[in-house]
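Peer 1: Sharing a structure with you now.
Nothing in this text is a laboratory measurement; each read-out follows from the coordinates by a stated rule. Just so it is clear, the model here is predicted, and its values are computed rather than measured. All Cβ positions, glycine included, derive from the backbone under ideal geometry; neighbour counts span all protein chains shown.
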Amino acid sequence: MGDEAQAHGAGNPELPPAELFINGEWTAPESGETLATENPATEETLGAIAAATSGDVDRAVVAAKAALNGDWGGKISPRERGRIMWRIADRLEERIDEFALVETLDNGKPIFESRYVDVPTVIECLRYYAGWTDKISGETLPVSGPFVHAYTRREPVGVVAAITPWNFPMIQAIWKIAPALACGNTIVHKPATYTSLTALKFAELAHEAGLPAGVLNVVTGRGSQVGEALVRHPGVNKVSFTGSTEVGRGIMRDAAETIKRVTLELGGKSPNIVFADADIDAAVKGAYNGIFYGKGEVCAAGSRLFVERAIHDELIEKLVARTRRLVPADPLDPKTRMGALVSAKQRETVLGYVEVGKNEGAEVAIGGEAANVEGRGYFMQPTILDGVSNEMRVAQEEIFGPVLVVIPFDDAEEAVALANDSIYGLAAGVWTRDIGKAHSVAARLEAGTVWINQYNWYDSAGAFGGYKQSGFGRELGRQALDHYTETKTVYVGK
Ligand code: NDP
């Protein structure tokens, strides 16, 4: 570990206790059981988290319900809610290095990403939604009937179960927590088992910043127990889930029993389309960032690169040259741009897909193997598979790692048809200097987000979510507010 890493406090991270955060305090799980959490860059045990069971979930839901019916739902005005959210953002900003460090140790992502992207994004998202708290309003209705007046109220949905994955632990959580708080809901958060530490720390910080007890509770433990208990709990009004399509399907089924509101942000196999008239160097950079940012463990990763045949060789040559300089290394080194995959299991899955691709006839243009970083950690070489066709498994299934597949095309019609030939529809990229073509292709792509001449950019004001089996509902932007409110119509008689 270098001096710069030490400067980030790497030797002494402040970890939360192996307990649950319910009703504003730390509490042991009923089972008394804990689960170890590992640093994927060193394979060393980092700490432990509590393994909650259904009794703990029940306590958390009861606390969230009480908070909803208490000050948070009654006495605290929307504007005051906004002030509290700003204070949380300010406190987090003061402790940005500490949170970034724990995120990196738990997930394996470069400290550069945690410190300069993940935690700042969380702070910014909190401030964006803090601004919405006193702007969520109903309307008067132009009714004709035996009424003197009719209007709508926008009310909180109630208790929200937020279930989040391990790839962007803090960002995925705040995309749910911030709009839910802005609308006056209370929350029970179930973070991913691999990466629960920052969620626990964040809940404590939010409480210290003035969020009343019970408004944000965190229950950790196995998804199949804790997650499922939350989804089935009759006291939970809405489930907001981000994760795999397979678990998303199960959540829909489990939520059906109590007719819960559900929003799902699931997997993707996003096309990144480069036309021959594009700025090739910019497209190379976009293709590279589209797949290798976040180790490729990104739901919206541009994992299918469609290249117009005329520029295929030039683009691949440049992309491979750039990728050769991306060397997996210690995530705590500020210069590192590729960290460790989240777990041994995830790396095994990703490497397994490389073998599948080779057996299907793909050529490995670069990478394809585990990477050796001081003989430990779940590192993998950034990988490009060329000579792929869209019906291969490596082009249809989400790999969720640093593996790009390259598919040639001949014209815009074919590019759009191939891009849309997927069960997923989360995001897409288009690279061209022809503005008419860019907009026409963007309109025809079945994807919730399209980036033109850029990739992987987000803004809290821009709704994000999927078409097709990438899920439904939208996070971020004004649209997210609709998923955290109910509309009540009130008729006033004579
Ligand atoms: P999962 O979908 O299993 O996990 C996401 C979250 O759901 C975690 O908090 C998990 O808890 C929880 N969960 C698991 N089972 C249930 C259940 N039955 N009911 C309620 N909640 C549950 O993702 P994985 O971590 O297993 O990753 C597998 C694959 O999913 C990846 O390889 C990738 O393809 C995809 N994925 C997509 C993501 C995205 O952003 N769209 C993010 C992460 C993964 P626990 O961690 O305890 O299992």
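Peer 1: Over 24 Å, how big is the tail of the calculated P(r) for segment 160-268, in percent of all Cα pairs?
Peer 2: Tail fraction, whole percent: 16.
Peer 1: Starting from the coordinates of the alpha-carbon atoms of the chain, obtain the Kirkwood hydrodynamic radius over all distinct pairs and give the value in Å to one decimal.
Peer 2: On the way: mean 1/r = 0.0428 Å⁻¹.
Taking every pair of different Cα atoms in the chain, averaging 1/r and inverting gives 23.4 Å.
Peer 1: From the Cα gyration tensor of segment 316-363, with a ≥ b ≥ c the square roots of its eigenvalues, which class applies: rounded if a/c is under 1.5, or else prolate if a/b is larger than b/c, or else oblate?
Peer 2: Since a/c reaches 1.5 but b/c is at least a/b, the shape of segment 316-363 is classed as oblate.
Peer 1: Follow-up. For ALA362, what charge total do you get from the other residues with a beta carbon under 14 Å from its beta carbon, if Lys and Arg give +1 and Asp and Glu give -1?
Peer 2: Summing Lys and Arg as +1 and Asp and Glu as -1 gives -3.
Peer 1: Let me have the relative contact order for segment 119-253, percent, based on Cα pairs under 8 Å that are six or more residues apart.
Peer 2: 26 percent
Peer 1: Here is a follow-up. State the dimensionless ratio Rg/Rh of segment 264-389 (Rg: radius of gyration of Cα atoms; Rh: Kirkwood radius).
Peer 2: 0.96
Peer 1: Go through LEU481, LEU264, ILE171 and say which Cα lies farthest out towards the positive end of the charge dipole of the chain; charges sit on Cβ, +1 for Lys and Arg, -1 for Asp and Glu.
Peer 2: LEU481
Peer 1: Give me the distance in nm between label points sitting 7 Å out from Cα along the Cα-to-Cβ direction at ILE280 and ALA443, one decimal.
Peer 2: 3.1 nm
Peer 1: Using label points projected 7 Å from each Cα along Cα→Cβ, tell me how many nm separate VAL356 and SER54, to one decimal.
Peer 2: It works out to 3.4 nm between the two label points.
Peer 1: Follow-up. Local charge sum around ALA438 (other residues, Cβ-Cβ under 13 Å, Lys/Arg +1, Asp/Glu -1)? Present the calculation step by step, with values, prior to reporting the outcome.
Peer 2: Values: positive: ARG433, LYS437, ARG444; negative: ASP277, ASP279, ASP434.
Surrounding charge for ALA438 is 0.
Peer 1: Place a point 7 Å from the Cα of GLU414 along the Cα-to-Cβ direction; which residues of segment 271-308 have their backbone N under 17 Å from it?
Peer 2: 272-278, 305-308
Peer 1: Each label point is 7 Å from the Cα along the Cα-to-Cβ direction; what then is the distance between the points at LYS335 and ARG153, in nm?
Peer 2: 6.1 nm
Peer 1: Could you give me the ³J(HN,Hα) list for segment 164-180, computed from phi with Karplus coefficients 6.51, -1.76, 1.60 and θ = phi - 60°, whole Hz, x at Gly and Pro?
Peer 2: Along segment 164-180, the couplings run 10, x, 9, 7, 10, x, 6, 5, 4, 5, 6, 4, 9, 5, 5, x, 4 Hz.
Peer 1: Report, in deg cm²/dmol and to the nearest 500, the calculated mean residue ellipticity at 222 nm for the chain, where each DSSP H run with n ≥ 4 adds -39500 (n - 2.57) and the sum is divided by the residue count.
Peer 2: Helix-only estimate at 222 nm: -11000 deg cm²/dmol.
Peer 1: Please get the size of the charge dipole for the chain, origin at its Cα centre, with Cβ charges of +1 on Lys and Arg and -1 on Asp and Glu, quoted in debye to the nearest 20.
Peer 2: Here the chain has a charge dipole of around 1800 debye.
Peer 1: Same structure again: With r defined as the distance between the Cβ atoms of ASN372 and ALA36 and R0 fixed at 22 Å, what FRET efficiency is calculated, to the nearest 0.05? It would help to have the intermediate numbers written out before the result.
Peer 2: Values: r = 24 Å, r/R0 = 1.11.
Efficiency at R0 = 22 Å is approximately 0.35.
Peer 1: While we're on this one: Below 8 Å between Cα atoms, with a sequence gap of 6+, how large is the relative contact order for the chain in percent?
Peer 2: Value for the chain: 18 percent.
Peer 1: Once fully extended, how much extra length lies between ARG222 and GLU348, figured as 0.36 nm per residue of separation less the alpha-carbon to alpha-carbon distance?
Peer 2: 43.3 nm is the gain from fully extending ARG222 to GLU348.
Peer 1: Any chance you could run the full-extension gain for TYR491 through TRP86? It's 0.36 nm times the residue separation minus the Cα-Cα distance, nm to one decimal.
Peer 2: Extra length available between TYR491 and TRP86 comes to 142.2 nm.
Peer 1: For segment 20-62, what is Rg from Cα atoms divided by 2.2 N^0.38 Å, rounded to two decimals?
Peer 2: Ratio of Rg to 2.2 N^0.38 Å for segment 20-62: 1.37.
Peer 1: So how compact is segment 237-338: Cα radius of gyration and Dmax in angstrom?
Peer 2: 18.7, 55
Peer 1: I would also like to ask the following. Note down the net charge around ALA182, summing +1 for each Lys or Arg and -1 for each Asp or Glu among other residues with Cβ under 15 Å from its Cβ.
Peer 2: +4
Peer 1: Separate question: Rg to Rh ratio, segment 341-494, alpha-carbon atoms and Kirkwood radius?
Peer 2: We get a ratio of 1.10 for segment 341-494.
Peer 1: Using the Cα centre as the reference, give the magnitude of the dipole from point charges on the C-beta atoms of segment 363-494 (Lys, Arg: +1; Asp, Glu: -1; all else neutral), rounded to the nearest 20 debye.
Peer 2: Working: 10 positive and 18 negative charges, 176 e Å.
That gives segment 363-494 a dipole magnitude of about 840 debye.
Peer 1: What is the antiparallel percent of DSSP beta bridges lying wholly in the chain, to the nearest 5?
Peer 2: 45 percent
Peer 1: Can you give the alpha-carbon Rg of segment 82-185 over 2.2 N^0.38 Å, where N counts its residues?
Peer 2: 1.43
Peer 1: Taking amide H positions as placed 1.01 Å from N in the peptide plane, with prolines and chain starts having none, which residues 5 or more places from GLY24, or on another chain, fall under 5 Å of its amide H?
Peer 2: GLY214
Peer 1: A further question on this structure: When the Kirkwood radius is taken over all Cα pairs of segment 246-294, what Stokes-Einstein diffusion coefficient follows at 25 °C and 0.890 mPa s, in µm²/s? Spell out each step's value before the answer.
Peer 2: Working: Rh = 14.1 Å.
So the translational diffusion coefficient is about 174 µm²/s.
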